[in-house]
Amino acid sequence: MESIFHERQEGSLCAQHCLNNLLQGEYFSPVELSSIAQQLDEEERMRMAEGGVSSEEYRTFLQQPSVNMDDSGFFSIQVISNALKVWGLELVLFNSPEYQRLGIDPINEKSFICNYKEHWFTVRKLGKQWFNLNSLLMGPELISDTYLALFLAQLQQEGYSIFVVKGDLPDCEADQLLQMIRVQQIQRPKLIGEETAQSRDQRLPRSDMDQAIDVNHPFDGTGMLDEDEENFQKALALSRQEMDMEDEEADLRRAIQLSMQGSRRSESSDSSPQNVPQLPHTSHTGSLSSEELRRRRQAYFEKQQQQQQDRTQNLHNKPALSSSTLEADPGGDMSEEDMLQAAMNMSLESVRNNLNTEEEK
């Protein structure tokens, strides 16, 4: 990216940096922009004088400071617009309902100028790739095509005014070079002063460091995650969620296996109770995905519920079994199948209660 022209922030001259980064060269100086601002001020003064130099409005106007520039180096959108007219370029408000109704994909534009309060910066397409040329960054920041729309949408949510630059930009070396090659960026450039701030705060506890970075790293449209970082964070969160689900599945499998221990002495291909699900080998179960485990668990509960309803209908003349009945009369008239089913129900109920207790904690 060495061929890309990128002016870094000096003082409050972000409007000058914004224009030069857009045009890819040292086209404007503070003196030239001040001259444009003074010309605009004079034109406004002449219009106000048409109502009479002795009018209250005219005297009030003369006492007010210029709205087109100030001593810090700030320049208004009118100054930037007039400066671009020299190159046959004009600005269209991207945020406006009129432009949004056109439904133009941002990727089909050539460049944008963004403003929040008194800060200006450029987003421009060079060759076949987009770059954030914010003067607050140490260098150009590569923006993928799929990320561009999200980037602009985030700026709008943060209150930025975004202008589309219409017209043919002057030729530049970077645009010609990047028409033939594509560049990759391993790490986004840091904000000016960010590395110094991190070095100063590296011995702080983590929470204190986060607060320090928040103070020294205000949002300027460059702090958002790129696609790879965002996908990594989503994958990390999903992984943690699946680990929790796998713990829950493990508890369920252990409860079922404990309930089945009482019937293993009579297990065989001919005598195994048909209502007891045949669990896969532990090593094979561990290799199943969490989604497959969830589906099996749901199918198991549905099957158990249906069998319980069928058993209730077939034994409607018998009293319903409960945990208290099982404890009081472990033998009695209960069949081995009913005892096994009751034991499994008790184990599953215990697992559910434990899980609910853990969730409440």
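So if I place +1 on the C-beta of Lys and Arg and -1 on the C-beta of Asp and Glu, and nothing else carries charge, what would the dipole magnitude of region 100-200 be about its Cα centre? I want it in debye, nearest 20. Walk me through the numbers before you get to the answer.
Working: 11 positive and 12 negative charges, 31 e Å.
Dipole about the Cα centre, nearest 20: 140 debye.
Output needed: percent of Cα pairs per 5 Å distance bin for region 1-102, bins running from 0 to the one holding the longest distance.
2, 11, 18, 17, 16, 14, 12, 6, 3, 1, 1, 0
Pop a pseudo-label 7 angstrom from the Cα along the beta-carbon direction at both Arg59 and Lys303 and give the gap in nm to one decimal.
Calculated label separation equals 9.5 nm.
Can you give the Kirkwood hydrodynamic radius for region 56-172, in Å, rounded to one decimal and based on Cα pairs?
Numbers: mean 1/r = 0.0630 Å⁻¹.
When all Cα pairs of region 56-172 are included, the Kirkwood radius is 15.9 Å.
Which of the chymotrypsin sites (Phe, Trp or Tyr not before Pro) found in region 86-169 are in a DSSP loop and have at most 11 neighbouring Cβ atoms, other than their own, within 10 Å?
Values: sites: Trp87, Phe94, Tyr99, Phe112, Tyr116, Trp120, Phe121, Trp130, Phe131, Tyr147, Phe151, Tyr160, Phe163; in loops: Trp87, Phe94, Tyr160.
Nothing satisfies the criteria.
To the nearest 20 Debye, how big is the dipole of region 47-108 about its Cα centre, given +1 on the beta carbon of each Lys and Arg and -1 on that of each Asp and Glu? Please list the in-between numbers first.
Numbers: 4 positive and 8 negative charges, 23 e Å.
Charge dipole of region 47-108: 120 debye, to the nearest 20.
No value in this document is a laboratory result; all are computed from the given coordinates. Because the structure is predicted, anything quoted here is derived from the model rather than measured. Positions of Cβ are generated from backbone atoms using ideal geometry, with glycine treated the same way; all protein chains shown enter the neighbour counts.
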